[in-house]
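Read the figures in this text as sums done on the coordinates, not as results from a lab. Not measured: the values here are computed from a predicted model. All Cβ positions, even for glycine, are placed from backbone atoms using ideal geometry, and neighbour counts span all protein chains on display.
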Amino acid sequence: MTRREVIQLAELPIPRLEYRREMVSGESHYVWGARLRLRVVERPGRAHVEVDHNRLLLYMPEGSDREERAKVLQRWQREELRREVPALISK
């Protein structure tokens, strides 16, 4: 390894350790490589997720806990993957 390569490696950002998500407004979540701020909206009705510019909107029934929010977000992420992966594979 050359000196230049060592310097380049040293300048790479150090990956941050993931922490347990609390699933509260203000947390950062990554969607397709973009960092989005989570906003939890408690209201009556069905739980769902929307992306609005730099926000990830998580609509949940009132009184939902961390686990319920995480399940809804994970289900949405899987649906997004199922929708996009076929197009990526066919390239």
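Details
- Ordered by the count of other Cβ atoms within 10 Å of each Cβ, fewest first, E11, E68 give E11, E68.
- G26 sits among other residues whose Cβ lies under 11 Å from its own Cβ, and their net charge, with Lys and Arg +1 and Asp and Glu -1, is +1.
- Distance-filtered residues of region 21-50 - backbone nitrogen under 14 Å, label point 7 angstrom along A87 Cα→Cβ: 32
- Working from label points 7 Å from Cα in the Cα-to-Cβ sense, the V31 to R43 distance is 1.6 nm.
- For the pair R21 and R75 in one chain, pulling the backbone fully straight at 0.36 nm per residue adds 17.9 nm over the alpha carbon distance.
- Solution diffusion estimate, µm²/s, Stokes-Einstein, region 3-89, Kirkwood Rh from C-alpha pairs, 4 °C, viscosity 1.567 mPa s: 86
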